[in-house]
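What follows is a short report on a single structure.
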Amino acid sequence: MQTYTLCLDRTNWQHGQKDINFLVLSIAWEGCSIPIFWELLPKKSNSNSQERIDLMIRCLEVIPADKIECLLADREFIGIKWFQWLMDNNIRFRLRIKGNTPVIGNSGKQIKAWQLFSHLRIGCQETWMTRRTVAGLSLHIGAHRSLKGLLIVVSPNQPDNMVKDYYRRWSIEVLFANLKSHGFDLESTHITDPEKLKKLMAVMAIAVLWCLRVGHWKHGPYNQLPLLSHWRPEKCLFRYGLDLLRRSLKNDFTRQERLFFELLQVLSPTYIGEHYKVVSPPSFRPECL
C-alpha cells in the first residue's frame, strides 16, 4: 500500500499593510513537496492547535490515517492538544520540539529536553527506544546535534529512523522557495482578497506539480540527477521542469507546439512516458475551485 509523507508549515509575506499568512499541508516528493490543503490564517502569527486540526480533518477525508507514513513539522507546531489529537487519530508523526520542553529524566525528575542529550557531540544522534513523558505525553524522543545546534524530535511510534525521517521536512521549505523567489514570485502578487488568494494557491499547486512531473519525466528521479563538484545537482527537478515549460511557451509557439502538448500530457495521472515512472499523489479537487 502506498503511503505519503506529509509536511506542515507556514509561508507568509506582506503587501502594503496586509499580512498574508498561509498554513500549508503538502506531500513530500522527489526533493520538493506538493501542496494539497491550505488555509489562509486571519493573522500574521503562528497557527493554533484547532486550526491545524481543522486542516488535518480535511486531509483525512482524502487520505486515511493508515496511508500517512508520517507527519513532519517544525517546533512552532507544538501543543498538548495538537499532539493528543494526532495520537487519538492514529496519525504517525515526527515533530520537532523546543529544547526547554519538560521531560521526565532517568531519575524520575522533570528536566528540560536538551538535558537528555547534553552529551551529544557534533554530528552524532541518539534515540531513546523506551518512551519518555514529554510535556505530559508518552512519546519516543531522539536528537541530532549539528553545527547549527541541537534538533530534538518526538514520535509516538517507530522510533528507529525518526530523526532521519524528520529531515525530509526540508522539502516544504524547497516548495516555498519555488513558490516565491526561486520560481513563481508569489510574493509579488497584489491580490489581498482571501478567497482569491486561496484560488491562486490552487493554481500554484497545480503548477508546482506540473513542473515536478516534467522534470521527472525528462531527467528521472531526483536522487539520480548528476552531481557537481559540491555534491549537489546543478538544478532540482522543479527547475528543470519549469525551464522546459518556459521554453515550450516562448519564441515561436508553432515550432514548440508538439513539445508543449507532450508536456501537457505529462500532467495527466495516467500518462507514462520515457523516464517517467511515478505513483501519483492522491487525486483530489481543491475546495476553493
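A short reminder: the numbers here are calculations on the coordinates, not readings from a lab. Just so it is clear, the model here is predicted, and its values are computed rather than measured. Note: ideal-geometry Cβ built from the backbone for every residue, glycine included; neighbour counts use all protein chains shown.
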Check your understanding: If you place +1 on the Cβ of every Lys and Arg and -1 on the Cβ of every Asp and Glu, how big does the dipole about the Cα centre of segment 45-103 come out, in debye to the nearest 20?
Key -> 240 debye
Practice item. Return one number: the angle in degrees, 0 to 90 and rounded to the nearest 10, between the long axis of the Cα atoms of helix 237-249 and the longest principal axis of the Cα atoms of the chain. Key: 20 degrees
Exercise for review: Give the angle, between 0 and 90 degrees and rounded to the nearest 10, that separates the Cα long axis of helix 194-219 from the longest principal axis of the Cα atoms of the chain.
Suggested key: 80 degrees
Exercise for review: Once you have a ≥ b ≥ c as the square roots of the Cα gyration tensor eigenvalues for segment 4-172, tell me rounded if a/c is under 1.5, and otherwise prolate or oblate according to whether a/b is larger than b/c.
Suggested key: prolate
Revision key, fill the gap. FRET efficiency for residue 118 and residue 258 from the Cβ-Cβ distance with R0 = 41 Å, rounded to 0.05, comes out at 0.10
Study note, to complete from the structure: Checked against the positive end of the charge dipole of the chain (+1 on Cβ of Lys and Arg, -1 on Cβ of Asp and Glu, about the Cα centre), the farthest of 124, 139, 241 is 124
Exercise for review: Would you mind counting up the charge near residue 86? Only other residues with Cβ under 12 Å from its Cβ, with Lys and Arg at +1 and Asp and Glu at -1.
Suggested key: +3
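Hey, with R₀ at 41 Å, roughly what FRET efficiency would residue 206 and residue 135 work out to, going by the Cβ-Cβ distance, to 0.05?
It comes out at approximately 0.60.
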Revision key, fill the gap. With residue 176 itself left out, Lys, Arg at +1 and Asp, Glu at -1 over residues whose Cβ is under 11 Å from its Cβ give -1
Review point. Taking residue 199 as the anchor, which lysines have their alpha carbon closer than 28 Å to its alpha carbon, excluding any fewer than eight residues away along the same chain?
Key: 18, 43, 44, 67, 180, 250
Study note, to complete from the structure: In whole Hz, the Karplus estimates of ³J(HN,Hα) for segment 63-76 (6.51, -1.76, 1.60; θ = phi - 60°; x where Gly or Pro) are 10, x, 4, 6, 9, 9, 4, 5, 10, 10, 7, 7, 6, 6
Practice item. Mind pulling the angle between the C-alpha long axis of helix 170-179 and the longest principal axis of the chain? Nearest 10 degrees, somewhere in 0 to 90. Key: 40 degrees
